[in-house]
Every structure is written in C-alpha cells, then in structure tokens.
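Everything on this sheet refers to the single structure shown next.
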Amino acid sequence: MISALSKGAKGRREEARSDAIQLARGIIAEWPSKHYWAGERVQETPGAHIKFTEQLLKLRDRDTIAAFLSQVAMRDQWLDLSSLIKQACLEFGWDAFSAELVQLIRGGVGEDGEEDNRLLHLLLPRDAAWLFVFASEAGSDSARELLTRKLLAMTIQDLCQSSQQSEWGDVRRHRFGATLIPDQATLSLLLKSLVAVGDEDGQSQVTQFLQQNPEDFPVADCQVPVLESLIPWSKKRDGSVSPPLRSWLASTHDYLKAEVARKPVPPADWVRSYPSRFTCDCQFCREVRAFLDDPEAEAISIKSNENVRRHVSMNMYDYKVDIDGSLDRSSRPYTLLLTKTNASYDRLVKTHELNQDLMKRVAGLK
Ligand SMILES: [Zn+2]
C-alpha cells in the first residue's frame, strides 16, 4: 500500500495515502500491551514491528507518528524507538514530538485509568537508548538541546525519587522487590547522555544517588560495570573524564580498598551466630540455640517426628545459620543430624576475593 504513495496520478496518490493513514491508525489502536520488567532478557523486536515503524515514516504524517508514540510506545515497552524518533525529529523538527517524549519519560495512565507501571519511575532501556541518540546527535540545535536537557532532568528526578528513603520507594520495593530498578546498561546510557550534553550537575546527582543506595545498585554487579562502560568511553570521546565521574571512580576505589583491608577471620571455636529474631520457644529450637552457643559442640541429633524435623530445618534455612542438616533413616522416628559449618566465613572469603578483583579492575580504569 505504501509503495502506491509514490506512483500514479496525484489524486490516486492522496487517496492511497489517506487509506494508509487510516490503516496505520487502526493498527496503532489494536497494538498489544507488552510491559517491561527489569532483569528480563532484551527481547528481539519482531521484524513486522520494525517494518511498521519504517512504513510509518514513509507516510510523513506527524499526527500518526505522534499517535504511535503516545499509544503504542506506552503500551509496548519493548519497542525500540531510537531510529523512529530520530528520523521523525529530523523530518518534523526536534521539538515536534516533545509532548509525546515527555510522556514516554514520565509514564502515563493505562487504558483502564489505572496508573501505568511507568509511574513507578523506571527508566526503560529503550527510553535510555533514544535519549542517548538525542544527547549525542552532532551539530548544535537549540530546540534539541533544550528538550534533551529537560528530558534528562526529568529522568534524574524520577530516578532519585525512587530512592529507598521515599515512601513510594518502600511501597515499590515491597511489591516488586528489585525488579523495577534500572539495570546497569540503562544507567550507563543515562550517564553517557549526561556526559554528551556536558551536564556535570546531573552526573553528580546520579552517581551520588547510586552510591547512597548500594542495596539497589550493588558495587560489584552495577556500579563497577557502569564505570567500566563509562570511563573508557568518556576518555575516548573527550580525552578526559569529567570531575563527577572521576570522583565516583576515586570513591569506589577507596571503598573497595577499605573492604579489602578487612581480611575475614576464621571462627576460633564452634560458636555460631543466629539472628535475634530466632526466638521460637519450643523445646527443639531452644535445644538448637544452646547447640549454636556451645563452643565445643560440632553436631547434634534430633530424633523426632516429621513435623518437628521440618520446623527445625525451615528455621535453619530461614535464619541462614551455619548448619548442615541430614536425615538418618536407620530407625524410626528418623533422626535429624545437625552439623556446624564454616559457611559464613567461606562467604566472607569469597566476597573478599571478589573485592580484590573489583579493586584491581577499578584501579585499571584510573
Ligand atoms: Zn521451634
């Protein structure tokens, strides 16, 4: 249908274009919902969808593209928008879709009037991707620069509002765990965008926020990988690293150095700790606590029915105490054998080794 737009008499061409626009609007109205959850592997966007966005550009109709951005893009959070947004802005002007782009960053209200999960302030990978395209576009264009800065400022505000100090952050954490926290690739694109527009205040805000929330943005799995993506890129691009990123690099190195200086000490006896919330007052749990407090005892056995064995085993698991359990089935009722381990110390040793490795990697970035 689109190919008919460039052929035939003018009247026929316009008719074909109007039909194509109507069809496109119909497809947009029926587009299925697909929500993004952090941690999911990036899905391949089906070829037909990419084809549709290509055809959409050929229609050269601003309103249909705007409808696509405000309806489909909100509904289908996996959709790659970088190329469409860039091409559409090149054709209609960098500020031609500012309302729709603001809506993409801010999230919206779903069709049923319920808050869309974008209201939970998650920066989607695909939004970070087109923001980066905006930020790194060569040449100066005041409309683009203004809009880019505005969108980046909104992104930072939303990100920092998701902090655990906020009530909203608590609600989100409770309901969704860590699933709505932007991943390291997305954060790295956000910071690259801030470097590209030279926004050092924004860089400081984001890097400080990450450092203040290591539970959400762990040093090993998030901050160091982001630095590893960002610092070499920044050096290559500008020949130097901005002061906020340098300071983040330095404090990450200091933090790891302090961690590495604290060498784990192996347990001196068989006393094993347990959390203060392990308060069950049944005979068996009291017995287990006495066993954990005993510096000499390495193992005990609990001969009892299945319910008790399960209760004790569940507690050992829930409270993550350094105990291995096994079942002796040689006589009835079976016997639960509890043996103390060095699991906590072994974990500390592993973490220590990991921190040593991280420290080397971070030092290599300096
Ligand atoms: Zn108990």
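Tabulated data for the structure shown
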| quantity | calculated |
| --- | --- |
| Total residues in the stretch 311-361, condition within 16 Å of the ligand (Cβ to nearest atom) and at positive phi | 0 |
| Residues of the stretch 274-305 satisfying the condition of being under 20 Å from residue 345 (Cα atoms) and away from the ligand (no atom under 11 Å from the Cβ) | 274, 275, 276, 291, 292, 293, 294, 295, 296, 297, 298, 299 |
| Filtered residues of the stretch 103-128 (kept if at pLDDT 90 or above and either surrounded by fewer than 18 Cβ atoms within 10 Å (Cβ to Cβ) or acidic (Asp, Glu) (or both)) | 127 |
| Residue that is touching a residue at least 12 places away in the same chain (Cβ under 8 Å), of a type in the set (Val, Ile, Thr) and within 30 Å of residue 222 (Cα to Cα), where the choices are 312, 308, 349 | 349 |
| Check on residue 366, away from the ligand (no atom under 16 Å from the Cβ), under 27 Å from residue 218 (Cα atoms) and at pLDDT below 95 | yes |
| Filter result for the condition that a residue is under 17 Å from residue 313 (Cβ atoms) and of a type in the set (A, V, I, L, M), over 265, 271, 260, 288 | 288 |
| Number of the condition not met by residue 198 [criteria: (1) modelled with pLDDT of 90 or more; (2) crowded, with 16+ Cβ neighbours inside 10 Å; (3) not in a helix (DSSP H, G or I)] | (2) |
| Lone unmet requirement of (1) among the hydrophobic types (A, V, I, L, M, F, W, C); (2) more than 13 Å from the ligand (Cβ to nearest atom); (3) surrounded by 13 or more Cβ atoms within 10 Å (Cβ to Cβ) for residue 308 | (2) |
| Tally of residues being polar (S, T, N, Q) and either under 20 Å from residue 149 (Cα atoms) or touching a strand residue (DSSP E or B) at 6+ places or on another chain (Cβ under 7 Å) (or both) across the stretch 179-214 | 8 |
| Residue match in the stretch 208-227 (condition: out of contact with any helix residue (DSSP H, G or I) (no Cβ under 8 Å at 6 or more places or on another chain), within 16 Å of the ligand (Cβ to nearest atom) and among the polar types (S, T, N, Q)) | no |
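The values are calculated or read from the model by the stated rules, or taken from the named source; none is laboratory data. All values derive from a computational prediction rather than experimental measurement. Ideal geometry is used to build each Cβ from the backbone, glycine not excepted, and the neighbour counts take in all protein chains shown.
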